[in-house]
1. So with the 1.4 Å probe, I'd like the accessible area per residue for the range 17-87, rounded to whole Å².
2. Leaving out ligands, DNA and RNA but keeping every protein chain, what accessible area does Y192 have, in Å² rounded to the nearest 10, with a 1.4 Å probe?
3. Can you sort E44, E187, E235, E199 by solvent-accessible area, 1.4 Å probe, largest first?
4. Which sequence of H207, H131 reflects their accessible areas, 1.4 Å probe, from the largest down?
5. Quote the accessible area belonging to D134 in square angstrom, nearest 10, computed with a 1.4 Å probe and with ligands, DNA and RNA left uncounted.
6. Would you check the accessible area of I232, probe 1.4 Å, heavy atoms only, in square angstrom rounded to 10?
7. Please report how far the C-alpha centroid of the range 111-139 lies from that of the range 145-159, rounded to the nearest whole angstrom.
8. For the range 63-70, what does the Karplus curve 6.51 cos²θ - 1.76 cosθ + 1.60, with θ = phi - 60°, yield as ³J(HN,Hα) per residue in whole Hz, taken in order and with x for Gly and Pro?
Amino acid sequence: MSLLTGSANCIKYVLFAFNLVFMLTGIILIAVGVGVAAVYSEYEAFLVSKFFSIPTFLIVIGSFVIVISFFGCWGALKENYCLILTFSVLLGLIFILELAAGISGYVLRNDAESLIKGTLTSSMKQYNSTHSNDVTVLWDYVQRTFQCCGVQSYTDWNTTLGDNLPLSCCRLPVGQVGQFSCTVNNEDPNRYSMGCLSEFSNYIAAHAVSLGAAGVVIAIIQFFGVLFACYIAREIKIRNGVTGFMG
């Protein structure tokens, strides 16, 4: 027999429904974390560890949310004071962690360009035109994908390659046959004039924003769950005649 009546009994089932939503939010957090981590892993040589810590953090939080949601569902159905109280406390902690992860995502967006600039500049020294390595492959991929050359401009390659440029710095003309050169000496219309820092950092920052948005929005949703759970715990405590914090 239910110990709750009226509005409290209604909120009990609302809390149960919310827990199903919480489970979905946990899955969403994991999906966002895995998705962004997968994107970042393609550019691992150009990104510092900070870019991978936040997606990993969201994945861990999402896993905890799924587990905690079972406490809430079981506690709401059984009208168990201790379970709901435990759920409320754990959900409150998760709320703080999600908010921290969300804010960190937005901070990372603002710091993306400065962080990436250092790694791009240092990695240019590892570009090898004779013996291909991971950095060489990644530089060519980034320059072709974002249609850019160098960090700030194509002149950044002067210290590494002299007057020559990676072929990925130039747009291959349609119908090109035979040899093709890409240099700094002429005003080649096929050469990308824009550096990679701006476009590439904006691309990385956009994914950092998705981390921030996921953390903050879901934290706000879960905040209402904490309020519901606290109210239900209070009602059960009153109807059970429980005294003290844990009864």
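The values are calculated or read from the model by the stated rules, or taken from the named source; none is laboratory data. The structure presented is a predicted model; accordingly, all values stated were derived computationally and were not measured. Using ideal geometry, Cβ is built from the backbone for each residue, glycine included, and neighbour counts are taken over all protein chains shown. For accessibility, only protein heavy atoms count, side chains too; no ligands or nucleic acids. Shrake-Rupley method; radii C 1.70, N 1.55, O 1.52, S 1.80 Å.
1. With the other protein chains kept in place, the range 17-87 gives 44 Å² per residue.
2. Its heavy atoms expose roughly 20 Å² to the probe.
3. Highest to lowest solvent-accessible surface, that is E187, E44, E199, E235.
4. Result of the area sort, largest leading: H131, H207.
5. Solvent-accessible area, nearest 10 Å²: 130 Å².
6. I232 has an accessible surface of roughly 0 Å² with all protein chains in place.
7. 11 Å
8. Running phi through 6.51 cos²θ - 1.76 cosθ + 1.60 with θ = phi - 60° gives 5, 5, 4, 4, 5, 5, 4, 5 Hz.
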